Amino acid sequence: MAGKHVDTRGRSATKASSLLIANSLIASVVGFAFWTLLSRSLAPSEIGLLSTLTATAPVLATIATFGLSDTLMRFFAGHNKPNALWSWIVLTVLLSSTTIGAVWLGVQWYLSSINTNSIFSGTYAAAFEILIVSVALDALALTALIATKNSALVLAETLIIAPIKIFAALQFKDQNTIALVIALMALLGLCVSLIATHLAGLRFSKPISQRKLVGQFAVSNWVSTSFSLVPKAALTVLVGYYLGLSEVAWISVPMLILTAMNLPASSLSRGLFAEGSSDSQNLRKVARKLFLTALSLTALGAAMVVVLAPFILSIFGQRYVFNSSVVLQIFAVSAVISVPNYFIDIVISINKDNLGYTIVNVGGSLLILISICIGVSFGVNSTAWSWLTGQLLYLLLALIVFRRKRTP
């Protein structure tokens, strides 16, 4: 019976993860097509600016969630009033993300008042505010769908948004308009997600404060997740600052492809988190099965990218082949190295080792950031090597923390 239980949990996690992989794969293909179309109509400096927009907004959105997205996943299944938990978290994040968006808008207004050449004034400030609120709330809605075993509805949202995104890339050619369109598509995605949560059975009710229940986990998760997003956002900002916005394009396109290569690890580990949060029995065996699957898929994809890097980048134009091929090949190797990091994070979190989870994410992110800061001034290839070095240091730290407290 125990073996059957493991197989059932494993199949359930694999099914949910497969839907999430399909969702992420479609989203990545659409994103790839979206940026490919833009790269043919916009200058590299404009692509770099839009990449900075889309890389920075999620960091602020994550800060605005206060770690409540994963908290919803962790506590939803066993909560005696799940709708009250859902309502309280949504209300909290709505207020926090709106406040952060307003503060950001105020900062941009001030900067534009003292610098008429500020590239983030006007439309960009408005796009940032919409993005921050939409991304923060959409993360909650998608997490709720996964927690209620409705990953198929997550996929449905992506299928609805995909053609609209491609149409926007074909229709609009002005960078200011595109920045606003990106934000409005995020808002549309949020609306679709909220409708999906209603179809999944979630209802808004009188919110009841859950601070005592989720406080320690939420704070740990918030700090950890916020720090984990900093290296990727800082990468584009630092490259833009030291090397110029045109150089950001040579990094951001390989980073887009790297995100796609991380799909097996991110989706399968997410499925493990959903299953482990509701039933942590036999976690080790289920985790090992999903880890080996993710590692195999990522290694296969990375090998193909290393060989086909020039061909893949030729879709964006010959300038990307010349400037980004080595960067993409290095990123492909880093994708394989990062697979264990995803699963170590999840297992530590499920085991309620809040201190270990924080140490791994904060310490690992700082190691990546320091590595980037050391290499960025030497060019984009050196920056890619710094990213790879940071991932290795992250893995070393994660293994040390993981070994200090064995899983059950």
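The values are calculated or read from the model by the stated rules, or taken from the named source; none is laboratory data. The shown structure was predicted, so the numbers you read here are calculated from the model rather than taken from an experiment. In this analysis, Cβ positions are derived from the backbone assuming ideal geometry, glycine residues included, and neighbour counts consider all displayed protein chains.
For the stretch 143-197, residues that are over 21 Å from Leu53 (Cα atoms), part of a helix (DSSP H, G or I) and touching a Phe, Trp or Tyr at 6+ places or on another chain (Cβ under 9 Å) total 5.
For the stretch 291-319, the set of residues classified as surrounded by 21 or more Cβ atoms within 10 Å (Cβ to Cβ) and over 17 Å from Met261 (Cβ atoms) is empty. As for the stretch 378-386, it holds no residue that is crowded, with 20+ Cβ neighbours inside 10 Å and under 18 Å from the mean Cα position of the chain (by Cα). If you filter the stretch 175-232 down to residues that are surrounded by fewer than 19 Cβ atoms within 10 Å (Cβ to Cβ) and of a type in the set (Ser, Thr, Tyr), you find that the one that is modelled with the highest pLDDT is Thr177.
Taking the stated definitions as given, is Gly276 at pLDDT below 75, more than 17 Å from the chain's Cα centre (by Cα) and more than 21 Å from Ile372 (Cβ to Cβ)?
Values: at pLDDT below 75: yes; more than 17 Å from the chain's Cα centre (by Cα): yes; more than 21 Å from Ile372 (Cβ to Cβ): yes.
Taking the combined requirement at face value, the residue satisfies it.
Scanning the stretch 299-333 for residues that are farther than 15 Å from Ser252 by Cα and under 24 Å from the mean Cα position of the chain (by Cα) yields Ala299, Leu300, Gly301, Ala302, Ala303, Met304, Val305, Val306, Val333.
Picking from Ser51, Ser17, Ser12, which residue would you name as being in contact with a helix residue (DSSP H, G or I) (Cβ under 8 Å, 6 or more places away or on another chain), at pLDDT 70 or above and part of a helix (DSSP H, G or I)?
Numbers: Ser17 fails: at pLDDT 70 or above; Ser12 fails: at pLDDT 70 or above.
From the options Ser51, Ser17, Ser12, the qualifying one is Ser51.
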